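I have placed the structure first, in the form of structure tokens, so that the comments after it can refer back to it.
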Amino acid sequence: MTPHTGTRLDPRYWQILALSCLVLYSLFWFHFATSLVQVALTLGMALATQYICTKIWHLPSFDSKSALISGLGLCFLLRTNLPVLAAATAVIAIASKFLLRWKGKHVWNPTNFALVAMLILSDRVWVSPGQWGSVAFFCFLVGLLGGLVVNRSARSDVTYAFLASWAAVLFGRALWLGQPMTIPLHQLQNGTLLIFAFHMISDPKTTPDTRAGRVLFAALVALGAGFVQFVLYRTNGLLWSYAVLSVTVPFIDRILPGVRFAWSRPVTGNPSQGVVHETVRAALPAPSPASGRLGAAGR
């Protein structure tokens, strides 16, 4: 099969558009306690950290897209009354991509890692799981924008696998406890859940390389979140589970090896796509030594 050689718009542009809409929606519709100054500071520190790390690691070019994605994610998830903590969270998020890597692949989703790190380090930051409510229109909006993003980056499988696994956890618990089915249905109608599914766990740079691996990973995260929320009785079970279980991705990639994701060729990563992948890679210019060591430091 001949690979498609036309110009493909980088999926991160869709991600930036979707997240920008969510930030504006949270500011001017929900009126969350996040000021425009804090938003500007978070985005500015994310971009500045990306630029500094680009120079330190001698990367061939400055990539603002990945920094914007991480910064925008922090803008509508992180809550704090101290702008300096918002700035520190942005620095941690971007720096983690460069510092915490395994075989050229960063282990943690930057936004997830920074949020969990700050929840551990400070009692002045928080994430409110129910802050988005369960408004049907908002859930539909997030699902629509998120579905566009994950399909553009060939990672819809992990999103839908996670949603199916999480639904199984909620309905299974309801059946076990004899609860009415309206309870898990209401729990699924949650804007934060859709944001996590479509804009965090779908991160193609930190998920397993194969579809089977991603389905397995999604199921593990759902089970872990259920344990944190319903056994340990802690909030933000999705964030904690995703952060802890991200360390299993290198092991999953070892057991189920596949094609490494790259933004220039957003395929699913299955071995069956190896011929297309190698053909496209042969047509691309050879990477510089610096970029080869670190890899794309994108989202």
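Mind sorting 166, 126 by how few other Cβ atoms lie within 10 Å of their own Cβ, fewest first?
Ordered by Cβ neighbours within 10 Å, fewest first: 126, 166.
What does the charge count near residue 247 come to, summing +1 for each Lys or Arg and -1 for each Asp or Glu among other residues with Cβ under 13 Å from its Cβ?
The answer is +2.
Across the stretch 78-93, in residue order, what do the Karplus-derived ³J(HN,Hα) couplings come to in whole Hz, using 6.51 cos²θ - 1.76 cosθ + 1.60 with θ = phi - 60° and x for Gly and Pro?
Once rounded to whole Hz, the list reads 6, 10, 7, 8, 10, x, 5, 6, 5, 5, 5, 5, 5, 5, 4, 4.
Give the aspartates and glutamates whose C-alpha is closer than 12 Å to that of residue 65, dropping any in the same chain fewer than 8 places away, or say none.
Within the straight-line cut-off, residue 65 pairs with 10.
Of all trypsin sites (Lys or Arg not before Pro) in the stretch 73-128, which ones are in loop regions per DSSP and have a Cβ with at most 15 other Cβ atoms within 10 Å?
103, 124
From the alpha carbon gyration tensor of the stretch 45-106, can you work out the equivalent ellipsoid semi-axes (sqrt of 5 times each eigenvalue) and give them in Å, largest to smallest?
Equivalent-ellipsoid dimensions as semi-axes: 22, 12, 10 Å.
How about the stretch 29-102: which chymotrypsin sites (Phe, Trp or Tyr not before Pro) there are in a DSSP loop, with at most 11 other Cβ atoms within 10 Å of their Cβ? If you can, show how the numbers build up before the last one.
Working: sites: 29, 30, 32, 51, 57, 62, 76, 98, 102; in loops: 29, 30, 32, 57, 62.
Loop-located and lightly packed - 29.
Express the Stokes-Einstein translational diffusion coefficient of the stretch 1-128 in µm² s⁻¹, to the nearest whole number, given a Kirkwood radius over alpha-carbon pairs, 4 °C and a viscosity of 1.567 mPa s.
Answer from the Stokes-Einstein relation: 84 µm²/s.
Could you work out the local net charge near residue 86, counting Lys and Arg as +1, Asp and Glu as -1, over the other residues with Cβ closer than 13 Å to its Cβ?
So the surrounding residues net to +2.
For residue 78, which sequence-distant residues (separation of 5 or more, or a different chain) have an amide H within less than 5 Å of its own amide H, given hydrogens modelled in the peptide plane?
Correct list: empty.
Grab the other residues whose beta carbon is less than 12 angstrom from that of residue 208, score K and R as +1, D and E as -1, and report the net.
The answer is +3.
Read-outs throughout are calculated quantities, based only on the coordinates presented, and are distinct from any laboratory measurement. What you see is a predicted model, and the numbers here were worked out from it, not measured in a lab. As a convention, Cβ positions derive from the backbone with ideal geometry for all residues, glycine included, and neighbour counts pool all protein chains shown.
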